[in-house]
């Protein structure tokens with residue numbers, strides 16, 4: 001009797017444990033099924049793209065906002081390769097990555113938000129060349145960094161996006177339904193916060209102090225479009241290997257060979273870009289846990305650019321000129337910050353498809369084409 005009672009007593013906790021395990025398994029299955037059901041539309045077609053960012057993505061906002069010292073992008077040779085001899089406000093000789101991505105989804109090119117005569121049926125481009133992640137007022141007052149081109153920061157662009165939504169939908173529910181099959185690009189943004197810091201004489205430590213706030217600002221933007229507007233698919237790009245850009249190679253030229261890596265890029269500036277990208281990716285990992293029903297992907301522009309650089313010869317680029325801008329005023333890297341592409345005294349190379357860099361800051365259409373191929377071949381993560 002004692003042994004039977006003991007067996008019964010010992011089996012009771014086991015039974016409770018098994019029941020608890022069963023209920024937990026059911027709950028987890030239901031949660032997973034629910035999350036999968038919410039995430040399922042992400043595998044379907046993309047009906048529209050909404051893009052926030054800077055000159056890597058701008059398809060014509062800055063030229064409508066007021067060009068200031070960046071007026072050259074509104075005339076040839078910008079746009080010469082693809083747009084039938086017409087400059088469109090894109091900072092390249094032709095198409096940008098956002099154009100190739102739209103084509104991959106079977107969508108037309110995104111029109112600039114400030115082009116009030118344009119169609120926005122399949123999305124809108126809110127990006128502005130020269131834009132920063134942080135507000136201009138903060139950068140000027142707290143960091144002593146001046147805004148040479150635009151004050152249309154990420155927050156300003158989000159305001160445009162919300163104004164656009166108000167004209168598009170009669171209710172928040174209607175907007176959420178419409179945006180459920182849309183793709184949001186939050187960036188690339190933040191690069192100019194650092195560019196302005198470096199080119200205005202700030203140290204690496206000064207620029208590094210901006211990184212947490214830049215990443216937090218990108219995080220806040222992502223949460224805003226998810227929580228307030230129902231975004232279900234986001235792509236958040238990282239920064240480029242800026243130490244390989246003709247602009248940086250010219251401005252921060254060093255007589256010390258140890259300052260360059262095996263590619264002949266400036267190590268310190270590439271390491272800085274990696275710092276930003278690490279913090280950005282860590283933030284995105286946390287966001288995915290916070291919003292498991294949203295597809296949040298990191299676009300690894302850094303490695304996509306390096307892979308294009310490393311395979312330049314196989315991809316048809318001129319290896320000997322891989323660090324030279326196509327359009328410039330001469331010099332080792334064909335970049336002169338006092339005479340930018342399109343200004344008097346500059347010329348464009350006859351074969352931009354063989355160059356990686358267009359104007360020393362931005363890449364050529366052909367380089368962007370290969371970067372997008374690299375993204376979809378494994379550098380789009382999450």
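Quick one, which of (1) 103, 55, 46; (2) 79, 56, 39; (3) 63, 43, 41 is the actual Cα extents along the principal axes in Å calculated for this model?
Derived directly from the coordinates: (1).
Taking the Cα atoms of the range 225-382, report the difference between the largest and smallest coordinate on each principal axis, in whole Å and largest first.
Over the range 225-382, Cα extents along the principal axes are 52, 33, 32 Å.
Evaluate E = 1/(1 + (r/R0)^6) for residue 268 and residue 82, where r is the Cβ-Cβ distance and R0 equals 35 Å; express this FRET efficiency to the nearest 0.05.
For R0 = 35 Å, the calculated efficiency reads 0.50.
Rounded to the nearest 0.05, what FRET efficiency is calculated for residue 104 and residue 205 with R0 set to 41 Å and r the Cβ-Cβ distance?
The value I calculate is 0.55.
What share of all Cα pairs of the range 148-271, in percent, falls into each consecutive 10 Å distance bin?
11, 34, 26, 17, 10, 2, 0
Output the relative contact order of the chain, whole-number percent, from Cα pairs under 8 angstrom with separation of 6+ residues.
The value is 17 percent.
In deg cm²/dmol, rounded to 500, what helix-only [θ] at 222 nm does the chain give when every DSSP H run of at least 4 residues adds -39500 (n - 2.57) and the total is split over its residues?
That comes out to -13500 deg cm²/dmol.
So how tilted is helix 2-39 from the main axis of the chain? Cα-based, degrees 0 to 90, rounded to 10.
For helix 2-39, the angle is close to 30 degrees.
Highest mean first, how do 344-357, 83-96 rank when packing is the count of other Cβ atoms within 10 Å averaged over residues?
83-96, 344-357
By the gyration tensor of its Cα atoms, with a ≥ b ≥ c the square roots of the eigenvalues, what is the shape of the range 219-264: rounded for a/c under 1.5, prolate for a/b over b/c, or oblate?
prolate
Wrap a convex hull around the Cα atoms of the range 113-157, take a quarter of its surface area, and give that in square nanometres.
Result: a mean projected hull area of 3.5 nm².
Running a GNM on the chain with Cα contacts under 10 Å, which residue among 342, 106, 201 ends up with the highest mean-square fluctuation?
201
Evaluated at 4 °C with a viscosity of 1.567 mPa s, what Stokes-Einstein diffusion coefficient in µm²/s does the range 160-215 have when Rh comes from the Kirkwood expression over alpha-carbon pairs?
Estimated diffusion coefficient is 92 µm²/s.
Give me D for the range 250-301 in µm² s⁻¹, whole number, from Stokes-Einstein with Rh from the Kirkwood sum over alpha-carbon pairs, 37 °C and 0.692 mPa s.
246 µm²/s
Could you tell me how many cubic angstrom of Cα convex hull volume the range 286-346 has per residue?
Given the Cα convex hull of the range 286-346, per-residue volume reads 162 Å³.
Between the range 227-241 and the range 60-131, what's the alpha-carbon centroid distance in Å?
Cα centroid of the range 227-241 versus Cα centroid of the range 60-131: 20 Å apart.
If R₀ is 30 angstrom, what is the calculated FRET efficiency for the pair residue 151 and residue 275, using the beta carbon separation as r and rounding to 0.05?
My answer for the efficiency is 0.70.
Given springs between every Cα pair under 10 Å in a Gaussian network model of the chain, which of 51, 137, 170 has the largest fluctuation?
Highest fluctuation of the listed residues: 170.
Which value in nm describes the separation of the simple spin-label points at residue 138 and residue 319, placed 7 Å from the Cα toward the beta carbon?
4.5 nm
Need the full-extension length gain, residue 282 to residue 373, defined as separation in residues times 0.36 nm minus the C-alpha distance. One decimal, nm.
Taking 0.36 nm per residue and subtracting the Cα distance, the gain is 30.3 nm.
In nm, to one decimal, how far is the residue 162 label point from the residue 252 one, both placed 7 Å along Cα→Cβ?
The modelled label-to-label distance comes out at 3.5 nm.
Would you look at the GNM of the chain, springs on alpha carbons closer than 10 Å, and say which of 79, 190, 66 moves the most?
In the Gaussian network model the winner is 66.
Kindly work out what percent of the DSSP beta bridges joining two residues of the chain are antiparallel, to the nearest 5.
Antiparallel: roughly 25 percent of the beta bridges in the chain.
Taking the alpha-carbon centroid of each part, what is the distance from the range 137-153 to the range 320-382 in angstrom?
26 Å
Where a number appears in this text, it was derived from the coordinates with a stated rule and is not lab data. These numbers were taken from a predicted model, which means no experiment stands behind them. FYI the Cβ positions are ideal-geometry reconstructions off the backbone, even for glycines, and counts take in every protein chain you see.
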